[in-house]
Each structure stands twice: as C-alpha cells, then as structure tokens.
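Data block below; observations after.
The values are calculated or read from the model by the stated rules, or taken from the named source; none is laboratory data. Everything numeric in this text was worked out from a predicted model, so none of it was measured. Please note: Cβ atoms are built from the backbone with ideal geometry, for glycine as well, and neighbour counts cover all protein chains shown.
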C-alpha cells in the first residue's frame, strides 16, 4: 500500500487525498467509458444536456460533478456507479 499523501483534506479512511486527484481519476474513468461506447464529447454533452466544454471539464477533472450529474453520466455510458464510504 502506498504511503499516505502528505497534503490536507483528510477523507473518511484517515488517508489524505487532494480532491483534484479524485476528480482527475473520475474524469479518466468517464473518458475511457465514453470512448469505449464510441461517443464524442459533443455527443455525450447532447445526451446529458450540457456543453461540450462541460464534458471536457469533467474528463480533465477541472469541473466538479454533482452526484446527480455523475449519475446521469453513469446512465448515459452504461457504467455502474458505486460509492463506498469508509
């Protein structure tokens, strides 16, 4: 197991993680699922009712997603959404 991050923002497990790292990881999962489904960013944006820039922001981790938006993305991409706390 890697040593804990030496930054602020403790998450439920007591390990320390930067939120931008989490959004980048989520964004990478979204990008991979979108590409696997054969959708462009514009096509996914149209399905979600957001702009292409918003989808780009989700995928790069520069724009936070609400849980509701994350759920819409999961449904649009046929990907399971599982949240584990603690």
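Taking the range 38-63 on its own, how many of its residues are touching a residue at least 40 places away in the same chain (Cβ under 8 Å) and over 18 Å from residue 23 (Cα atoms)?
Selection size over the range 38-63: 0.
Taking the condition of being surrounded by 16 or more Cβ atoms within 10 Å (Cβ to Cβ) and assigned to a helix (DSSP H, G or I), how many residues in the range 30-46 meet it?
Qualifying residue count, the range 30-46: 7.
For (1) at pLDDT below 95; (2) in contact with a strand residue (DSSP E or B) (Cβ under 8 Å, 6 or more places away or on another chain), each residue gets a yes or a no:
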{"site": "5", "(1), (2)": "yes, yes"}
{"site": "9", "(1), (2)": "yes, yes"}
{"site": "15", "(1), (2)": "yes, no"}
{"site": "20", "(1), (2)": "yes, no"}
{"site": "24", "(1), (2)": "yes, no"}
{"site": "29", "(1), (2)": "yes, no"}
{"site": "38", "(1), (2)": "no, no"}
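Would you say residue 68 is at pLDDT 95 or above and part of a helix (DSSP H, G or I)? Before the answer, list the steps.
Working: at pLDDT 95 or above: no; part of a helix (DSSP H, G or I): yes.
No, not satisfied.
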